[in-house]
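Report on the following structure.
Every number in this text was worked out from the coordinates using simple rules, so none of it is lab data. Treat the numbers as computed from the prediction; the structure is a model and nothing was measured. Backbone-built Cβ (ideal geometry, glycine too); neighbour counts: all protein chains shown.
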Amino acid sequence: MTEELKKAFDFAADATKQLITVATGVITVTVLFSKDIGADSRWWALRAWAALIISVVFGLAVLLNLSGNLQNAANGGTASINSFGIKTFAQIQGGFFLVGIVLVIGFGYVSATSKPPDDAKTAAPPAVTNIVAQAAPPPTKVEMVTSSGHRGARGHACRCVREKPSSKASEAAK
C-alpha cells in the first residue's frame, strides 16, 4: 500500500470523525437550549436531531468500512478509498449532515420568531424568600437544687430545675 493511499484513508477517517463530532455537538447544544420551545419549533428540532443521529450512524459505518478495507489490504487484497461501502456511506453521512444543519437553522429561525409557549406566559414569578435570621430566645435560668430544697452543695444529690421565660420575654422573641 502506497503512502498516498495511507494518507487518503487517514484524511477520510479524520473528515468522518469531524462530521460525527460536529453532529453530536449540535445535537447537544440544541437539546440544552430547547427547554421552553413551542410546538412549531419542536417539529424542526426533532427532525434535525433525527437527521444528525442518522448522519452519526452512517459516519460509524464509514469508519468500519475504512477499517475493513485496510484489513483486506493487509491480507493481500486491494484497498481503495473509492470502494462502494466507503463512498456510499460517506455520501449518505454528508447528505444527512447537511439536511440536519439546514433543519437546525430552521429550528433557530422559528424559535427566534415565534411567540413563547402558553405555559411560559402564565408562569408565576420566582418566589422571594426571607433570609433574615430570627432572634435567639432568651436564655433560661438553670440552678441546682437538692432533694431537701437546698442549693447544690457537696455530697448532696441534686436535680436540675429550669425556669421558664416570662411571657413578655417569649413575646419579644416572636
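Here are a few things to note about the model shown:
- Neighbour net charge for residue 107 - beta-carbon separation under 11 angstrom, K R +1, D E -1: +1
- In order along the range 98-104, the Karplus-derived 3J(HN,Hα) couplings, from 6.51 cos²θ - 1.76 cosθ + 1.60 at θ = phi - 60°, round to 5, 4, x, 5, 4, 5, 5 Hz, and Gly and Pro are given as x.
- 98, 103, 52 arranged by Cβ crowding within 10 Å, fewest neighbours leading: 98, 103, 52
- Note on the range 3-121: percent of Cα-Cα distances in each 5 Å bin, starting at 0 and stopping at the bin with the largest distance, equals 2, 12, 19, 17, 13, 10, 9, 6, 5, 3, 2, 1, 0, 0.
- In summary, the range 1-62 shows an alpha-carbon radius of gyration equal to 1.52 times the 2.2 N^0.38 Å reference for compact globular proteins.
- Among the trypsin sites (Lys or Arg not before Pro) within the range 1-76, those in coil by DSSP and having at most 12 neighbouring Cβ atoms inside 10 Å are 35.
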